[in-house]
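Input: a single structure, listed below in structure tokens.
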Amino acid sequence: MSTKKLNIPGYEEVIYARDDDSGLRAIIAIHDTTLGPAVGGTRMLPYGDDLEALADALRLSRAMTYKAAAAGLDFGGGKAVIIGDPEKNKSEKLLRAFGRLVESMGGRFLTGEDVGTSSEDMRIVNKETEYTIIPPKSMEEEWQSSFLTALGVVRGIQASVKEVYGSDSLAGIRIAIQGIGKVGERLARMLHAEGARLIITDLDQGRLSGLMELGATAVMPHEIYRIDAEVFSPCALGGILNDEVIPFLRCRIVAGAANNQLAEDRHAVQLWKRGILYAPDYVINAGGLISALYEMGRCDRETVIRMAEKIYDRLRSIYDISRSEGISTLAAADRMVEERIRQGRSTLP
Ligand code: NAD
């Protein structure tokens, strides 16, 4: 296997690897390990070219640094991308070669499944390296990462409702959920238990029928942005908070699980100027990452639940900063995280 270190300003280590025997072409980006080893999933996609793959690895590894720091975890941020079609190019040989690459980082990078890879793939990677994050096969359904993600989002919605309406009760609060997948379905059930009224949508209509018993109202996917509801909860795609959508939103709060909700950072300012409270995605959806601690056997269930529940307090602090400093909630979250990393840095020898 040949590896090449790429010198990218602002990143601790970026490695491009190529193994002709197995067909592996991969990039591992380590953004920052001030607070601990870098964690990040391994993505396998048929990128158009190496530069596109590099851009993805850089963007996602930086986001992981912020997410881990915001969750109060002693982890840094990293990401691996394997360039190739997971349907056609994935093989045991390739995954094992990738495992040797992860092993060669000596524990500075811990990885798990992501888009295009599965926990089964990670078990193959694990034959070559211990630096993997894999849910134990015995892990019950309710303990999959989507459970803690949904729990964190519920607490985040409560903190946001408190900020806007003065009470964190969700009784009678209308919440429009985009995407009834692994997280969205659990979230809907938890919100219903708190007394919220649900409006739901999904590209796959079949996913909605199971929630009709909760009295949810189903709408078409394009209608969800204009729903008259207190909360809009994006739980499907990234990039949906953009110039086309923001002017038409009728909600007072955007708080959901999807990653990279803002098309660009400036859209956080646009939402703020419109008086819409935005719960920064990397703060509110950190339950999935927190659940990795349980999956790695580092924390018990009660501890990870407590950590996910803290998303409530974290968002309250972010809203305090945003209000007192007159900055968007994203700017406030970034400031809080950067301060934590700076403090971590100052305690290093
Ligand atoms: P999923 O694939 O199980 O569910 C996504 C759902 O969204 C699917 O049912 C899909 O049909 C639907 N969808 C896609 N495009 C849509 C559209 N335009 N309109 C309406 N519905 C649409 O994924 P998930 O695991 O539930 O994750 C949802 C989001 O949360 C993703 O952005 C993911 O990155 C993020 N996230 C998930 C976790 C986790 O633990 N699973 C953790 C953190 C963040």
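The values are calculated or read from the model by the stated rules, or taken from the named source; none is laboratory data. The shown structure was predicted, so the numbers you read here are calculated from the model rather than taken from an experiment. Because the Cβ atoms are built from the backbone with ideal geometry, glycine has one as well, and the counts that use them run over all protein chains shown.
Could you tell me which residue of region 290-349 is farthest from Q261 (Cα to Cα), considering only residues that are in contact with a strand residue (DSSP E or B) (Cβ under 9 Å, 6 or more places away or on another chain) and modelled with pLDDT of 90 or more?
The selected residue is I341.
Could we say that M105 is crowded, with 24+ Cβ neighbours inside 10 Å, over 14 Å from the mean Cα position of the chain (by Cα) and of a type outside the set (V, I, T) here? Steps first, answer last, please.
Values: crowded, with 24+ Cβ neighbours inside 10 Å: no; over 14 Å from the mean Cα position of the chain (by Cα): yes; of a type outside the set (V, I, T): yes.
When the stated conditions are applied, M105 does not pass them.
Report, by residue number, each residue of region 241-260 that is in a loop (DSSP other than H, G, I, E, B) and modelled with pLDDT of 95 or more.
Correct list: N242, D243, E244, V245, L249, R250, C251, R252, A255, G256, A257.
Of the residues in region 200-218, how many are surrounded by fewer than 22 Cβ atoms within 10 Å (Cβ to Cβ), in contact with a Ser or Thr (Cβ under 9 Å, 6 or more places away or on another chain) and touching a residue at least 24 places away in the same chain (Cβ under 8 Å)?
1
With respect to N260, is the statement that it is surrounded by fewer than 21 Cβ atoms within 10 Å (Cβ to Cβ), under 21 Å from the mean Cα position of the chain (by Cα) and closer than 20 Å to A150 by Cβ true? Lay out the reasoning, then the answer.
Details: surrounded by fewer than 21 Cβ atoms within 10 Å (Cβ to Cβ): yes; under 21 Å from the mean Cα position of the chain (by Cα): yes; closer than 20 Å to A150 by Cβ: yes.
Criteria met by N260.
Only residues that are among the aliphatic types (A, V, I, L, M) and away from the ligand (no atom under 15 Å from the Cβ): list them for region 290-330, please. Talk me through it step by step, then tell me what you get.
Of all residues in region 290-330, those among the aliphatic types (A, V, I, L, M) come to 290, 292-293, 296, 304-305, 307-308, 311, 315, 318, 321, 327, 330.
Selection gives M296, L315, I318, I321, I327, L330.
Could you list, in sequence order, the residues of region 291-349 that are basic (K, R) and in a helix (DSSP H, G or I)?
Result: R301, R306, R314, R316, R323, R335, R340, R342, R345.
If you go through region 34-66, how many residues are in a helix (DSSP H, G or I) and of a type outside the set (V, I, T)?
16
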